Amino acid sequence: MSASATPGPSGPRVVVVVDRAGERLTAAAAAGVAQGWTRTAPHTLVEAHDCHDGGAGLTAVIADRLGATLHPVVVPGPAGAQVPAAVAVVSATDGDGADIGAGGTAYLDTAQVAGRHLVPRERLTDPEGLSSAGVARLLRHARDLGVDRIVVGVGPLAAHDGGVGLLQELGAGADLAALPAVRDEWDCTRLVLVTTTEAPLLGFQGASASLGEHGVLPEVTQRLEARMGDLTDRVNAVLPPPRDLLTGLPHRPEREPGSGAGGGVGYALQLIGARTDDGARFLLDELGIRTRLPGSLLVLVTDRYDYTTVHDGVVAQTARAALGFATPTVVLAREVAVGRREGMSLGVSGAYELREGEDLAGLAARVARTWTPVR
């Protein structure tokens, strides 16, 4: 849950948001920064929140922040071996916050069942044959718990099958001929796909091309791209895409933002009706952080403030949201690898990194002297 310090009655409000994506910072980081800040500036009201980008570690943050109940399950991993996972469920409540015992939201971390950590590194140099079937098992388990909404977090995965394993496990058949029936079956379930990337399934910025960033050879990525193209031809034959009302051209699902997430798991989820959102942007609202930004000082805490952090993820999305409210923003990081110019487009006024022997609480105490001095 969020941590906060007790302030004086009229002190400024400081909202600390910790980037828990990638599991590089722990659940203790938020409370530590809040305590460090109030140690120097006891007149401030400090709120501390964890946020995430929807990738690996999502369910842990949901459990910490929303008090979710974890339901364990064992499903096939990307190479077929059984792996443990958990569905985080937040029960539906009435207007007074009382549990009404039905409905609610399930949160799924697909990295638990198809993550890159589940196979040897050498196997990732050519991921053909690794399956997303375990994600389908996780989906079914979540629906069987009686929830009326399922949020599926998808980041980098070992599986790179275009979501074929997922669709076949849901009953689409070896040739995907029953895909329309699968879509109808899931039509009454609110599916939300939250991704760490807006990459499409195909193209120079697509799922296969991006594997080059992980050291996969060009000849492998080109072969995988061709396989993805064959897959989309088959899908479009059995589930013809709708046409744009203005141009009359087909609306190609393989070009949709986020369809390339998780090697095509995003594509499969979109085919069965999932709406898509950027994970960090979605969780700002889901965790109640956006409404806390107006009238505050935003302190973003991350492991490494670098070129990637500036453009995507929790830091970038939260800073953009704060900019819309004219909320001043500073960044605390173990390491700062970009200059002030890169952060200016996000409205970041300053970035501070750890000194030798300093921890995040100590860094927060040091920065608080500048940004919330005692009057």
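The values are calculated or read from the model by the stated rules, or taken from the named source; none is laboratory data. The shown structure was predicted, so the numbers you read here are calculated from the model rather than taken from an experiment. Here the Cβ is made from the backbone with ideal geometry for all residues, glycine too, and neighbour counts use every protein chain on show. The area values use the complete protein model at the heavy-atom level, side chains included, leaving out ligands, DNA and RNA. Shrake-Rupley method; radii C 1.70, N 1.55, O 1.52, S 1.80 Å.
Side notes on the structure shown:
- Total residues in the stretch 161-192, condition in a helix (DSSP H, G or I) and over 23 Å from L224 (Cβ atoms): 7
- First in the stretch 104-128 and on the phi > 0 side of the Ramachandran plot, second anywhere and open to solvent by 10 Å² or more (accessible area, probe 1.4 Å) and hydroxyl-bearing (S, T, Y), Cβ under 7 Å, 6 or more apart: G104/S91
- Each residue in the stretch 101-110 was checked for being open to solvent by 10 Å² or more (accessible area, probe 1.4 Å) and hydrophobic (A, V, I, L, M, F, W, C), and 1 pass.
- From the options R255, R281, R243, R290, residue that is over 18 Å from the mean Cα position of the chain (by Cα), surrounded by 13 or more Cβ atoms within 10 Å (Cβ to Cβ) and among the basic types (K, R): R255
- Filtered residue count, the stretch 240-267, keeping only those that are farther than 21 Å from H160 by Cβ and either touching a Pro at 6+ places or on another chain (Cβ under 8 Å) or small (G, A, S) (or both): 8
Residues are listed down the side, and each one gets a yes or a no for (1) touching an Asp or Glu at 6+ places or on another chain (Cβ under 7 Å); (2) of a type in the set (A, V, I, L, M, F, W, C):
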site	(1), (2)
D126	no, no
G129	no, no
L139	no, yes
R143	no, no
V147	no, yes
G153	yes, no
G163	no, no
R183	no, no
H214	no, no
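- Subset of the stretch 313-329 [touching a residue at least 24 places away in the same chain (Cβ under 8 Å), of a type in the set (A, V, I, L, M) and either surrounded by fewer than 20 Cβ atoms within 10 Å (Cβ to Cβ) or touching a Leu at 6+ places or on another chain (Cβ under 7 Å) (or both)]: V315, A316, A319, A321, A322, L323
- Residues located in the stretch 319-356, provided they are at positive phi and under 23 Å from the mean Cα position of the chain (by Cα): G347
- So A60, is it under 30 Å from H214 (Cβ atoms), at pLDDT below 95 and either out of contact with any strand residue (DSSP E or B) (no Cβ under 7 Å at 6 or more places or on another chain) or β-branched (V, I, T) (or both): yes
- Taken as a whole, the structure leaves T327 outside the set of residues that are of a type in the set (S, T, Y) and not in a loop (DSSP other than H, G, I, E, B).
- Filter result for V75 (in contact with a His (Cβ under 8 Å, 6 or more places away or on another chain), open to solvent by less than 10 Å² (accessible area, probe 1.4 Å), more than 30 Å from V16 (Cα to Cα) and not in a loop (DSSP other than H, G, I, E, B)): yes
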